[in-house]
Every structure is written in C-alpha cells, then in structure tokens.
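Report on the following structure.
The values are calculated or read from the model by the stated rules, or taken from the named source; none is laboratory data. As the structure is a prediction and not an experimental result, all values here were calculated from the model. Counting neighbours? That spans all protein chains shown, and the Cβs are built from the backbone with ideal geometry, glycine included.
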C-alpha cells in the first residue's frame, strides 16, 4: 500500500505544474523599508535655512517636538502632536501658521 501511495505522489508531482505560493521567498521582490523611530527614540532634522526640529516618539503616533526657527530665535517651540488625529498642543513664541508648516511636513514622514 505504501508503495502504491508513493508511486501516485511521484506521478502526480511529475505531471502537475509547480506554482509559486505566498510563502516562496525571492530576495529581488523585497522592497525598501522605511525605518521609523521606536518609542523612546528620536532625532533632529536640519532645514536648509539652519532651522531645526528635534523629536522624541512617546507613543504609536505621538511625538514630543522642539522647533527652533532661525527667524524667531527667542526660544524653541515645544509641541506635543498625535499624527494619527492631527491634534497638537504647543508652547512658545512661534505663530500657529509657522508651527503648522513644520507639522505638515513632519507627520507624513513619521506618523
């Protein structure tokens, strides 16, 4: 009986076409990965005009951000933002449109 089953399996394997499955791995199909900061990690982003934005991630889509705008050197702006909801709270001397211009560029990259 075992011999008959083995013969049938070998026959079917030689006749049926082989198709790729979802578990087949081909290194050339691997796309580039975007590294996102883990909770507790952060970094700084320098802008061409020498302004700077530094952040620390403290939740899945939540960041604490410090913005130093070269045009307003009184003190850095402190911002808490949830990139999932778009809500943010800030303290500092920058105007709302200036803060929003930084945050609009920040969240699509790191949210």
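Cβ separations smaller than 8 Å between residues 6+ apart or across chains give the following pairs from segment 87-111 residues that are over 11 Å from residue 65 (Cβ atoms) to residues that are modelled with pLDDT under 85: 93/74; 93/75. Residues of segment 63-83 that are touching a strand residue (DSSP E or B) at 6+ places or on another chain (Cβ under 8 Å) and surrounded by fewer than 18 Cβ atoms within 10 Å (Cβ to Cβ): 64, 66, 78, 80, 82. Is it true that residue 80 is within 19 Å of residue 45 (Cα to Cα) and outside any strand (DSSP E or B)? It is false that residue 80 is within 19 Å of residue 45 (Cα to Cα) and outside any strand (DSSP E or B).
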